[in-house]
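Chemist: One structure is given below, represented as structure tokens, and several questions about it will come after.
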Amino acid sequence: MSKILVLPGDGIGTEIIDEAIKLISAVESLFGFHCEIEQGLIGGIAVDQAGSPLPEQTVALAKQADAVLLGAVGGPKWDQLDRHLRPERGLLGIRAELGLFANLRPAILFPQLAAASTLKEEVVSGLDILIIRELTGGIYFGEPRGEKVVDGKRVGFNTMIYQEDEIARIVQAGFDAARKRGGRLCSVDKANVLDVSGLWRDVATAVGEKNPDVELSHMYVDNAAMQLVRAPKQFDVMVTGNLFGDILSDCAAMLTGSIGMLPSASLNESGAGMYEPVHGSAPDIAGTGQANPLATFLSTAMMYRHSLERADIADAIEAAVSAVLDQGLRTGDIFSDGCKKVGTLEMSGAVINALQQTD
Ligand code: NAD
């Protein structure tokens, strides 16, 4: 039996996680796939109730779970706290504690929502790409780093460093994901300029030889940024380092134009993972029943696909979301003329209903 730890967090986090729990229980009765659900504290509410944004008990529960499903953390109430008590420290802390080195950010644009993008409809309609970013290494953590004075001038410096096993691990995660999707992996680097990227490309090529069933290509990061905006549908899965992935995944996310629709996953070496919507706690609409639960539902789908080995359930949830968009139901963030505006509960109920219609 799989164990899921749910961490609602703050703001709309509690509202969307409540709906995700209903979804998981609907999946249980439809597919006979039983999950044990535990609940824990993270973020501002954890500061209020346990004195820390990441209580030890939450870490212990997370380590025992096959997957963690997180809502969102943060809000104005905690903005003035010391840095170590800020809700966001809870997020960074749990990522480190679980060794989540692979960040998976799909950019999916349901054709029904193509008008929400700033790009032309034909360029983005039906977009379905996955960006995999290395999350625990590279220039964000490399040493030496800092600032010093050289010849009377201030100099700032960081080190972009990857060991071959770190590269092989994330590139392999790329192959594994591509195998579950369209079978194509594009490794993104800057091998024409950076030595660290030269190593990246060598290792990616070597890992590719062990994964002959997936088609591997390489692309320089500047070209990748251009291609993402010019013709994003050419990609299936992209894998890249921490810095390039940070930038490219935000760029890809914006292609879809709707933050309330974007899921994410972060995985560790044992295949356990943390799943969360890309958006934050939306304090401006918290408690009003307007939050879009779909990013969380799509994150739940990723959980079934990547940590619980039930791609069939993931497919069914994604199809149910699409069916509800076909019915013209929209929360405020994705609303357009001619559609029916609904709140969190109605949107969630419609997706669960659509899921129950599939067999
Ligand atoms: P946000 O994503 O919370 O909100 C940005 C805008 O998008 C707001 O207008 C909000 O109403 C809207 N929005 C976001 N999610 C929505 C949804 N599901 N349905 C409908 N509308 C939605 O970003 P922000 O306002 O910059 O940050 C608010 C708080 O969230 C801050 O404390 C920030 O630190 C935190 N935050 C947390 C995470 C996380 O938990 N992973 C991520 C980003 C921001």
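The values are calculated or read from the model by the stated rules, or taken from the named source; none is laboratory data. Because the structure is predicted, anything quoted here is derived from the model rather than measured. Note that each Cβ is placed from the backbone with ideal geometry, even for glycine, and that neighbours are counted across all protein chains shown. Surface accessibility is based on the protein's heavy atoms, side chains included, excluding ligands, DNA and RNA. Shrake-Rupley method; radii C 1.70, N 1.55, O 1.52, S 1.80 Å.
Chemist: For the subset of the stretch 329-346 comprising residues that are farther than 20 Å from GLY71 by Cβ and open to solvent by 30 Å² or more (accessible area, probe 1.4 Å), which member is nearest to the chain's Cα centre (by Cα)?
Modeler: Only one residue fits best here, namely PHE335.
Chemist: Just to be sure before I move on: is ARG83 without any contact (Cβ under 8 Å) to a residue 40 or more places away in the chain and more than 12 Å from the ligand (Cβ to nearest atom) in the structure I sent?
Modeler: Spelling it out, ARG83 is indeed without any contact (Cβ under 8 Å) to a residue 40 or more places away in the chain and more than 12 Å from the ligand (Cβ to nearest atom).
Chemist: Within the stretch 24-37, is even one residue of a type outside the set (Asp, Glu) and within 21 Å of SER281 (Cα to Cα)?
Modeler: No, because not a single residue in the stretch 24-37 is of a type outside the set (Asp, Glu) and within 21 Å of SER281 (Cα to Cα).
Chemist: Can you tell me which of (1) closer than 21 Å to ILE259 by Cα; (2) of a type in the set (D, E, K, R); (3) assigned to a helix (DSSP H, G or I) is the one ASP337 doesn't meet?
Modeler: (3)
Chemist: Further question on the same structure: Might you let me know whether the stretch 19-29 holds any residue that is more than 14 Å from the ligand (Cβ to nearest atom), surrounded by 24 or more Cβ atoms within 10 Å (Cβ to Cβ) and under 26 Å from ARG133 (Cβ atoms)?
Modeler: For the stretch 19-29, residues more than 14 Å from the ligand (Cβ to nearest atom), surrounded by 24 or more Cβ atoms within 10 Å (Cβ to Cβ) and under 26 Å from ARG133 (Cβ atoms): absent.
Chemist: Continuing with this model, one more query. So is TYR275 outside any loop (DSSP other than H, G, I, E, B), away from the ligand (no atom under 16 Å from the Cβ) and not hydrophobic (A, V, I, L, M, F, W, C) or not?
Modeler: No.
Chemist: From the residues in the stretch 292-307 that are outside any helix (DSSP H, G or I) and at pLDDT 95 or above, which one is farthest from the ligand (Cβ to nearest atom)?
Modeler: PRO293
Chemist: While we're here: Which is open to solvent by less than 60 Å² (accessible area, probe 1.4 Å), of a type in the set (Lys, Arg) and modelled with pLDDT of 95 or more, of ARG133, ARG169, ARG184, ARG154?
Modeler: Criteria check complete, one pass: ARG133.
Chemist: With the checklist (1) open to solvent by 70 Å² or more (accessible area, probe 1.4 Å); (2) in contact with a helix residue (DSSP H, G or I) (Cβ under 7 Å, 6 or more places away or on another chain); (3) within 16 Å of the ligand (Cβ to nearest atom) in hand, flag the one item ASP326 doesn't pass.
Modeler: Looking at each condition in turn, ASP326 falls short on (3).
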